[in-house]
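Step one of this worksheet: look at the structure below.
The values are calculated or read from the model by the stated rules, or taken from the named source; none is laboratory data. Just so you know, these numbers come straight off a predicted model, no measurement behind them. Counting neighbours? That spans all protein chains shown, and the Cβs are built from the backbone with ideal geometry, glycine included. Quick note on the areas: whole protein, heavy atoms, side chains included, nothing else; ligands and nucleic acids left out. Shrake-Rupley method; radii C 1.70, N 1.55, O 1.52, S 1.80 Å.
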Amino acid sequence: MTALPLPLPLLEARNIGKRFGGVRALQDVSLTIRRGEIYGLIGPNGAGKTTFFNVLTGLYPRDEGEVIFAGAPLPLGEPYRVAQAGIARTFQNIRLFANMSARENVMVGCHARSKVGVAGAVLRSRAQREEEAAIRRRADELLAYVGINARAGDLAKNLSYGDQRRLEIARALATEPQLLALDEPAAGMNATETGALRALIARLRDDGFTVLLIEHDIKLVMGLCDRIAVLDYGRKIADDVPAEVQRNPHVIEAYLGVVHE
Amino acid sequence: MNAGMLFTRMPRKVQLALAVIALAGLPFMVGAGLGNTWLRVLDFALLYVMLALGLNIVVGFAGLLDLGYIAFYAVGAYVYALLASPQFGLHWPVWAILPVGALAACGFGVVLGAPTLRLRGDYLAIVTLGFGEIVRIFMNNLNAPVNITNGPKGIASIDPIQIGGHALSQPLEIFGVTVPALVLTYYFFLALALLVMLAGLRLQDSRIGRAWAAIREDEMAAKACGINTRNVKLLAFAMGASFGGLAGGLFASFQEFVSPESFSLMESIMVLCMVVLGGMGHIPGVILGALVLTVLPEAFRHGAGPVQQAVFGQVLMDPENLRMLLFGIALVAVMLYRPSGLWPDPRHRQEFNAR
Ligand SMILES: Nc1ncnc2c1ncn2[C@@H]1O[C@H](COP(=O)(O)OP(=O)(O)OP(=O)(O)O)[C@@H](O)[C@H]1O
Ligand SMILES: [Mg+2]
């Protein structure tokens, strides 16, 4: 029994199951993410972490289970509605709009929270001009927030690897999410870049975002996360605060198993 | 400093004035120097500019390969033909028919788009190709049991466009100057082509245009950004089809005759070539592509015979065959040496050179 009231859960995934033919990529995975925390999702390669993201964001249809987000069930199989409901994500293998500028990438992220249609665009109505200016301002703010405003006009494909990862975060933020799901944001970064990323994620939490973080960099995960769930062969084998997870014998076994491969 | 640089350094208003004078004077120069045949070519070129700009929305902006685009041209043309000809005894005014034609084509665009939304690339191309042919075959066969389209014979005696009580098929006297019918048509087509161009430019530089580009670049990421890709793709089909339908109506009124033959697969491919050859997604390039691919084949057609006569003393090769041969060679050459088109988006070209 705790004396303090627990923060409200933002997301509750219940008994999620997903198979690819014979592969059971996710089995009976349940987890609860509270508002304002950084929630880690770790596990050996092929454990099903990315699959969990894809199912959560509606890119893959889920076979079993349900997701309650901000008090309402999450729509199935409609990724754009998941984004509109307030879950934004980045991709493990960066998926930017390569031939658009950094600024335009973020402006695309504003799509769900703006509304002028064809008529407004063709007639250049006043509402359209104002909305367009607001989108542009917002994009520049977000680029500055993640620290790449100097590259606003560059094509996304010309940014450095680390900047591309930041740009993906800025684009995700443009959808005005409540939950930000990051799939291995530190992958391929050097130590300096990882340090800056860590500061950025901590700042996101301070600014009120809830973060779901997949990461292989154990130091980063242990240092940042409030709680961590561990997946192995599609099953959740642990779900606790970092110190406990590190001691958990199942977790150690899962990871050592990978080392021996 | 060359002429191009001189032009780009002028103030905007001067540029605009020069462009207006050039565009207004062009048909008189063409008419005086080359005659009516070329004036007709010029009018057709403007129709193809509209078609290419419409297809560019689908192919260039949204990245959806459409091989049946001419079907929308056909729908627009037949709507005009049915509403302004003795076929049903209807004679609607132009300002009513053109929007109806564009709307009908738009409806067809949505009908075609809806079942193909899950398809991409080759599969989409094949389905749209089939759709284009279906529309043509329908036009060919809708003469029985109830005669609607008059079948392969086509619909003749279509009303010319009337503006302010004056038919564009008749020359007009203004202040003692006689403006030929083909020049009047040119001005009307030019005005509409400019409107289509403006609409295209504005759409591209808008929230909708960015959503199209996002789908073209990475559809999954676009979805994750909250874009309803289904609706946004349908919108691309609908907008492209509307422009095609508009051009079709103009075509019917200009020819005063439509038949299914005019809407063959070859025409779809031709318009697609204009978009690709000019520079997909880049409006000035697409316009250039449409102009080049309308004017060059005509030049071959009219020039090949006399040139052979002059050089070899006889016509060695049928001009029609030679035309297709040279056209093919030209296309291959452009694709080899300028793979992103004659006039691609400068941003992307920089990219190309930088690598
Ligand atoms: N689209 C797919 N089709 C078939 N199998 C898939 C698909 N996506 C994932 N899988 C399989 O599901 C399992 C989980 O994969 P997933 O990518 O979710 O792992 P992960 O935990 O993200 O691994 P990593 O740390 O390497 O990114 C793997 O066995 C993988 O091969
Ligand atoms: Mg993964």
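If I filter the stretch B:192-201 for residues that are more than 16 Å from the chain's Cα centre (by Cα) and either more than 8 Å from chain A (Cβ to nearest Cβ) or not in a helix (DSSP H, G or I) (or both), do I get at least one hit?
Within the stretch B:192-201, the subset more than 16 Å from the chain's Cα centre (by Cα) is none.
No, the stretch B:192-201 has no match at all.
Kindly establish whether A:Arg81 is in a helix (DSSP H, G or I), within 19 Å of A:Thr175 (Cα to Cα) and touching a residue at least 40 places away in the same chain (Cβ under 8 Å).
On the way: in a helix (DSSP H, G or I): yes; within 19 Å of A:Thr175 (Cα to Cα): yes; touching a residue at least 40 places away in the same chain (Cβ under 8 Å): no.
In short, no.
Scan B:Leu65, B:Leu103, B:Leu119, B:Leu129 and give me the residue that is part of a loop (DSSP other than H, G, I, E, B), modelled with pLDDT of 90 or more and open to solvent by 40 Å² or more (accessible area, probe 1.4 Å). Break it down into steps so the answer makes sense when it comes.
Values: B:Leu103 fails: part of a loop (DSSP other than H, G, I, E, B); B:Leu119 fails: modelled with pLDDT of 90 or more; B:Leu129 fails: part of a loop (DSSP other than H, G, I, E, B).
That would be B:Leu65, the only listed residue that is part of a loop (DSSP other than H, G, I, E, B), modelled with pLDDT of 90 or more and open to solvent by 40 Å² or more (accessible area, probe 1.4 Å).
When B:Gly244 is evaluated against the numbered criteria (1) more than 7 Å from chain A (Cβ to nearest Cβ); (2) closer than 19 Å to A:Glu132 by Cα; (3) touching a helix residue (DSSP H, G or I) at 6+ places or on another chain (Cβ under 6 Å), which criterion, by number, is the only one it fails?
Against the list (1) more than 7 Å from chain A (Cβ to nearest Cβ); (2) closer than 19 Å to A:Glu132 by Cα; (3) touching a helix residue (DSSP H, G or I) at 6+ places or on another chain (Cβ under 6 Å), B:Gly244 comes up short only on (2).
Report yes if some residue within the stretch A:144-163 is in contact with a Gly (Cβ under 9 Å, 6 or more places away or on another chain) and of a type in the set (Lys, Arg); otherwise report no.
no
Of the residues that sit in the stretch A:145-165 and are open to solvent by less than 50 Å² (accessible area, probe 1.4 Å) and assigned to a helix (DSSP H, G or I), which one is nearest to the other protein chains (Cβ to nearest Cβ)?
Once the filter is applied, the top-ranked residue is A:Ala156.
Go over the candidates B:Met317, B:Met266, B:Met324, B:Met335 one by one and state the one that is outside any helix (DSSP H, G or I), among the aliphatic types (A, V, I, L, M) and either open to solvent by 30 Å² or more (accessible area, probe 1.4 Å) or farther than 30 Å from B:Leu198 by Cβ (or both). First the steps, then the outcome.
Values: B:Met266 fails: outside any helix (DSSP H, G or I); B:Met324 fails: outside any helix (DSSP H, G or I); B:Met335 fails: outside any helix (DSSP H, G or I).
Going through B:Met317, B:Met266, B:Met324, B:Met335 in turn, the sole match is B:Met317.
Under 6 Å between Cβ atoms, at least 6 apart or on separate chains: pull out the pairs that start in the stretch A:104-118 with a residue that is more than 7 Å from every other protein chain (Cβ to nearest Cβ) and end on any residue that is among the aromatic types (Phe, Trp, Tyr).
A:Asn105/A:Phe97
Inside the stretch A:185-261, counting only helices (runs of 4 or more DSSP H) that do not spill past its ends, which hold 2 or more residues that are under 17 Å from the mean Cα position of the chain (by Cα) and of a type in the set (A, V, I, L, M, F, W, C)? Spell out how you get there, then give the answer.
On the way: elements: A:191-206, A:218-224, A:242-247, A:249-260.
In the stretch A:185-261, A:191-206, A:218-224 are the helices (runs of 4 or more DSSP H) which contain 2 or more residues that are under 17 Å from the mean Cα position of the chain (by Cα) and of a type in the set (A, V, I, L, M, F, W, C).
Can you pull out every residue in the stretch A:87-122 that is of a type outside the set (A, V, I, L, M, F, W, C), over 15 Å from A:Leu182 (Cβ atoms) and either within 16 Å of ligand 1 (Cβ to nearest atom) or assigned to a loop (DSSP other than H, G, I, E, B) (or both)?
Passing the criteria: A:Asn99, A:Ser114, A:Lys115, A:Gly117.
For the condition assigned to a helix (DSSP H, G or I), surrounded by 24 or more Cβ atoms within 10 Å (Cβ to Cβ) and free of Cβ contacts under 8 Å to residues at least 60 places away in the same chain, what is the one hit in B:Ala290, B:Ala222? Step through it out loud before you land on a result.
Numbers: B:Ala290 fails: free of Cβ contacts under 8 Å to residues at least 60 places away in the same chain.
Going through B:Ala290, B:Ala222 in turn, just one is assigned to a helix (DSSP H, G or I), surrounded by 24 or more Cβ atoms within 10 Å (Cβ to Cβ) and free of Cβ contacts under 8 Å to residues at least 60 places away in the same chain: B:Ala222.
Within the stretch A:2-16, does at least one residue satisfy the condition of being away from chain B (no Cβ under 14 Å), within 16 Å of ligand 2 (Cβ to nearest atom) and surrounded by 17 or more Cβ atoms within 10 Å (Cβ to Cβ)? Even if it seems obvious, please write down each step before you answer.
First, pick out the residues of the stretch A:2-16 that are away from chain B (no Cβ under 14 Å): A:2-16.
Imposing the further condition that a residue be within 16 Å of ligand 2 (Cβ to nearest atom) reduces the set to A:16.
With surrounded by 17 or more Cβ atoms within 10 Å (Cβ to Cβ) added as a condition, the list becomes A:16.
Within the stretch A:2-16, one or more residues are away from chain B (no Cβ under 14 Å), within 16 Å of ligand 2 (Cβ to nearest atom) and surrounded by 17 or more Cβ atoms within 10 Å (Cβ to Cβ).
Given the conditions (1) open to solvent by 40 Å² or more (accessible area, probe 1.4 Å); (2) more than 16 Å from ligand 2 (Cβ to nearest atom), report the number of the one that A:Thr50 does not fulfil.
(2)
If you check every pair at least six apart or on different chains, which have Cβ atoms under 7 Å apart with a residue in the stretch B:307-325 that is within 20 Å of B:Leu293 (Cβ to Cβ) first and a residue that is open to solvent by 80 Å² or more (accessible area, probe 1.4 Å) second?
B:Pro319/B:Arg301; B:Arg323/B:Arg301
Any residue at all in the stretch A:94-102 that is within 24 Å of B:Asn228 (Cα to Cα) and aromatic (Phe, Trp, Tyr)? Outline the logic, then answer.
We begin by selecting, within the stretch A:94-102, every residue within 24 Å of B:Asn228 (Cα to Cα); these are A:94-102.
Going one step further and asking which of them are aromatic (Phe, Trp, Tyr), we end up with A:97.
Checked the stretch A:94-102: at least one residue is within 24 Å of B:Asn228 (Cα to Cα) and aromatic (Phe, Trp, Tyr).
Inside the stretch A:166-198, can you point out the residues that are open to solvent by 10 Å² or more (accessible area, probe 1.4 Å), touching a residue at least 60 places away in the same chain (Cβ under 8 Å) and within 16 Å of ligand 2 (Cβ to nearest atom)?
If the condition is that a residue be open to solvent by 10 Å² or more (accessible area, probe 1.4 Å), touching a residue at least 60 places away in the same chain (Cβ under 8 Å) and within 16 Å of ligand 2 (Cβ to nearest atom), then A:Glu184, A:Ala187 are the ones that fit.
Where the second residue is near ligand 2 (Cβ under 8 Å from one of its atoms) and the first is away from chain B (no Cβ under 13 Å) and lies in the stretch A:42-59, which pairs have Cβ atoms under 8 Å and are six or more apart or on separate chains?
If the second residue must be near ligand 2 (Cβ under 8 Å from one of its atoms), the pairs left are A:Ile42/A:Lys49; A:Ile42/A:Ile214; A:Gly43/A:Lys49; A:Lys49/A:Asp183; A:Lys49/A:Ile214.
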